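The values are calculated or read from the model by the stated rules, or taken from the named source; none is laboratory data. Note that this is a predicted model, so its numbers are computed, not measured. Neighbour counts run over all protein chains shown; Cβ positions are idealised from the backbone, glycine included. Ligands, DNA and RNA are excluded from the accessible area calculation, which covers all protein heavy atoms including side chains. Shrake-Rupley method; radii C 1.70, N 1.55, O 1.52, S 1.80 Å.
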Amino acid sequence: PGPYRTILVERRGRTALLTLNRPEALNALSLEVMRETVEAAEALDRDPDVGCVVITGSGGKAFAAGADIKEMQPRDYMDMYLSDWFAAWDRLGRLRTPTVAAVRGYALGGGCELAMLCDLVVAADTAVFGQPEIRLGVIPGIGGSQRLTRAVGKAKAMDLCLTGRTMDAREAERAGLVSRIVPDADVLTEALAAADTIAGMSAPVAMMAKEAVNRAFETTLAEGVLFERRLFHAVFATADQKEGMRAFAEKRPAEFRHR
Ligand code: CO8
């Protein structure tokens, strides 16, 4: 994979950092950004030495200020339908490796949707979230109407999607969109530390924990609990369950073999 023109990919131990790198356009999500981000993320997902992926935006002013409006502006219905515009973003939600969004500044439209495709959202106290598409005469197209509603409920999702108003970090955290808020200067450090913690866990068990939580959005309570129970039983087939529980009994930190 790579070389990439619109993103940067770095490895820091078992954590990978993927940076959207179009600061001059507030990291607007062009088709090229989508192709490169999805390709890079899938390559990292396949790499057994990567235990967590952090996604952030360069420049400090924006995580991403939305899909690229200038690229979409001349398109008609057939262009959008035949190219299945934005469909590739769905693949990001199907990664098995846990993902952390590190959000500074604007996470608007597609930027908010990209953050919601990640498993954790670590936000700066200056972060701004919203789905302002209606102001452009369109609606969210990367799952915003669905994931925002599941994250914050109908009352705020309707407010944001119908008026286009934004939420600051505090409101977003109160509403359940954000995992943690930290001072702007600490966002990347905090997100990388959370990622290192996750990447230090058993990789298959972390994948199963993610799979189990995500199941809550797809099924009934009884089916979800059954799904969890099956995975819970399955973790007893891992070397890491043996190590994790032995380490507890021996009063030492666990050293997971990631399988
Ligand atoms: N797309 C393209 N370029 C952008 C975008 C964007 N989303 N956002 C900012 N830029 C560009 C600006 O055009 C500007 O470029 P230039 O210097 O060449 O004029 C540069 O980035 C800097 O931006 P500003 O000068 O506007 O910076 P400000 O600090 O004045 O304002 C804002 C920052 C408030 C974030 C402002 O840039 C803004 O409102 N951006 C757009 C936010 C928005 O509406 N996002 C939603 C986009 S639509 C979407 O994401 C999903 C669409 C779903 C369609 C469904 C189809 C299937």
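So here's what we get for this one:
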| quantity | calculated |
| --- | --- |
| Failed item, numbered, when Trp89 is tested on (1) open to solvent by 20 Å² or more (accessible area, probe 1.4 Å); (2) under 15 Å from Arg147 (Cβ atoms) | (1) |
| Which numbered condition Pro74 misses (of (1) more than 11 Å from the ligand (Cβ to nearest atom); (2) open to solvent by 20 Å² or more (accessible area, probe 1.4 Å); (3) without any contact (Cβ under 8 Å) to a residue 40 or more places away in the chain; (4) in contact with a Phe, Trp or Tyr (Cβ under 9 Å, 6 or more places away or on another chain)) | (4) |
| Strands (runs of 3 or more DSSP E) fully within segment 118-184 counting 2 or more residues that are away from the ligand (no atom under 16 Å from the Cβ) | 120-124, 180-182 |
| Those residues of segment 47-70 which are within 10 Å of the ligand (Cβ to nearest atom) and surrounded by fewer than 15 Cβ atoms within 10 Å (Cβ to Cβ), in sequence order | Lys61, Lys70 |
| Residue that is farthest from Met167 (Cα to Cα) [pool: residues in segment 85-128 that are of a type in the set (Lys, Arg) and in contact (Cβ under 8 Å) with a residue 60 or more places away in the chain] | Arg96 |
| Candidate set: segment 164-216, residues that are without any contact (Cβ under 8 Å) to a residue 40 or more places away in the chain and in contact with a Lys or Arg (Cβ under 6 Å, 6 or more places away or on another chain); chosen: the one least open to solvent (accessible area, probe 1.4 Å) | Gly164 |
| Filter result for Asp159 (of a type outside the set (Lys, Arg), under 23 Å from Lys61 (Cα atoms) and out of contact with any helix residue (DSSP H, G or I) (no Cβ under 8 Å at 6 or more places or on another chain)) | no |
| Given (1) surrounded by fewer than 17 Cβ atoms within 10 Å (Cβ to Cβ); (2) in contact (Cβ under 8 Å) with a residue 12 or more places away in the chain; (3) among the hydrophobic types (A, V, I, L, M, F, W, C), index of the condition Ala155 fails | (2) |
